[in-house]
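Read through the structure below, which is laid out as structure tokens, and then see the notes.
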């Protein structure tokens with residue numbers, strides 16, 4: 001996931017990106033003297049919000065350490081999955097357990113294509129990465 005920075009950060013971006021997208025959408029301000037002074041006055045509030053968000057992410061990380069999900073998939077020869085388990089599948093199973101996590105925060109380098117137990121990292125906040133256990137088992141055939 002690509003991040004430009006957190007609220008209050010000064011970052012360099014392409015002029016066109018700032019002029020055509022970030023500034024018109026209200027996502028960013030030009031770093032001129034007036035705006036920098038304005039942001040300095042807001043900085044304490046921003047820091048407090050960041051601290052609260054990080055604390056909340058730490059609490060979620062602790063809860064996530066106990067989370068286990070089991071996903072059953074159709075398997076073929078040599079226990080290879082017909083499909084694969086993706087971040088969308090994991091997010092869906094978490095949702096069924098009452099845990100709402102954006103699938104883009106689930107860090108899977110590539111989809112899971114084998115049976116087994118997997119430790120899946122979840123980026124909850126910058127510098128706060130939790131993980132869950134995902135068990136991929138064969139689907140019961142009727």
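What follows is calculated from the coordinates using simple rules that are stated; it is not laboratory data. Since the structure is predicted, the reported quantities are computational estimates derived from the model, not experimental observations. Quick reminder, even Gly has a Cβ in these numbers, built from the backbone with ideal geometry, and neighbours come from all protein chains shown.
Placing dummy labels 7 Å off each Cα toward the beta-carbon, the span from residue 127 to residue 54 is 0.3 nm.
From its DSSP helices (H runs of at least four residues, each -39,500 (n - 2.57)), the chain gives a residue-normalised ellipticity at 222 nm of -10500 deg cm²/dmol.
When the inverse distances between all different Cα atoms of the chain are averaged and flipped, the Kirkwood radius reads 18.1 angstrom.
Given in Å, the Rg to one decimal and the Dmax to the nearest whole number for the Cα atoms of region 62-138 are 12.4, 41.
With the Cα gyration tensor of region 71-114 giving a ≥ b ≥ c as the square roots of its eigenvalues, does the rule (a/c under 1.5 for rounded; else a/b larger than b/c for prolate; else oblate) give rounded, prolate or oblate? Oblate is the answer for region 71-114, as a/c is 1.5 or above yet b/c matches or exceeds a/b. Beta-bridge orientation, the chain: approximately 70 percent antiparallel, per DSSP, counting only bridges with both partners inside. For region 15-59, the Kirkwood radius over C-alpha pairs fed into Stokes-Einstein at 25 °C and 0.890 mPa s yields D = 200 µm² per second. Angle of helix 33-64 to the longest C-alpha principal axis of the chain, folded into 0 to 90 degrees and rounded to 10: 20°.
For region 62-138, what is the relative contact order in percent, using Cα pairs closer than 8 Å and at least 6 residues apart in sequence?
Details: 133 pairs, mean separation 30.0, N = 77.
After rounding, I find 39 percent.
When only Cα pairs below 8 angstrom with a gap of at least 6 residues are kept, the chain shows a relative contact order of 24 percent.
Calculated FRET efficiency, residue 43 and residue 102, Cβ-Cβ r, R0 25 Å, to nearest 0.05? Between residue 43 and residue 102 the formula returns 0.40. Against the chain, whose longest principal axis is taken from its Cα atoms, helix 87-96 shows a tilt of about 80°.
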